[in-house]
Amino acid sequence: MIQKRVDGKERRAYVRLERSVPVRFKIDGVRQTGKIYTAKTRNISRGGLCVEIAEETAELLEQISALGGKIGIDIDSLISEQATAVSVKSVWINSRVDWTSKPSKKKRNLLMGLEFEDVAEETRRRIHDFIVKEMVKRYEKPD
C-alpha cells in the first residue's frame, strides 16, 4: 500500500477546511458497480481530502492496493447542492490515494489522503465555493 515519507515540509497547494462531514466512496472508482463505503472527512480542499475510516481496514487497504489506489468519491454526499439529502443521481469523482496512516493503539481508524483526479471545472468550483462559504461562516458575527 502507499506509504509516503513525510519530511515535515508543507506541500499543500490549496487551503484546507478542517471539517468532519460524512462522505460515500467506492474503491472501483466511478464505475456503477462495487460496494459503497462511508467515511468522515478530516479536512477538505479544492484538490482533495483526508478521510477517516472505521470499518474493515485490512480488507479495504488490500482492495485499494489491488486496484491501483483509485477511489470514487460521491461529491453529492460531501457537498450537496442544497441542504437536502443526496441527489438521486450522484456525481462521482475520481481520486487517487496519496498517503495512508494505518490504525494503531493511539488512533483506531484508518486515515487516507485522497487527491482528486480529472475533476470537471464546475465540480472543482463547487468544492471551492463550499470551502470559502464555510470559512466565512467562522468569522461572521452573530446577530
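We did not get these values from a lab; they are worked out from the coordinates using the rules stated. Here the structure is a predicted model, which means the values were calculated and not measured. Positions of Cβ are backbone-derived with ideal geometry, glycine not excepted, and every protein chain shown enters the neighbour counts.
Remark: the Val15-Lys133 segment gains 41.2 nm on full extension, using 0.36 nm per residue and subtracting the alpha carbon distance. Here's how it looks for Glu117: its modeled amide H is under 5 Å from those of Asn94, Ser95, Arg96, which are all 5 or more places away or on a different chain.
Close amide H contacts of Val21 (hydrogens built in the peptide plane, cut-off under 5 Å, sequence separation of 5 or more or a different chain): Thr41.
For the stretch 17-138, a crude dipole built from +1 on the beta carbon of Lys and Arg and -1 on the beta carbon of Asp and Glu, taken about the Cα centre, is about 480 debye to the nearest 20. The phi-based Karplus calculation (6.51 cos²θ - 1.76 cosθ + 1.60; θ = phi - 60°) puts the 3J(HN,Hα) values of the stretch 108-121 at 7, 10, 7, 10, 9, x, 10, 10, 5, 10, 6, 8, 4, 4 Hz, whole numbers, x for Gly and Pro.
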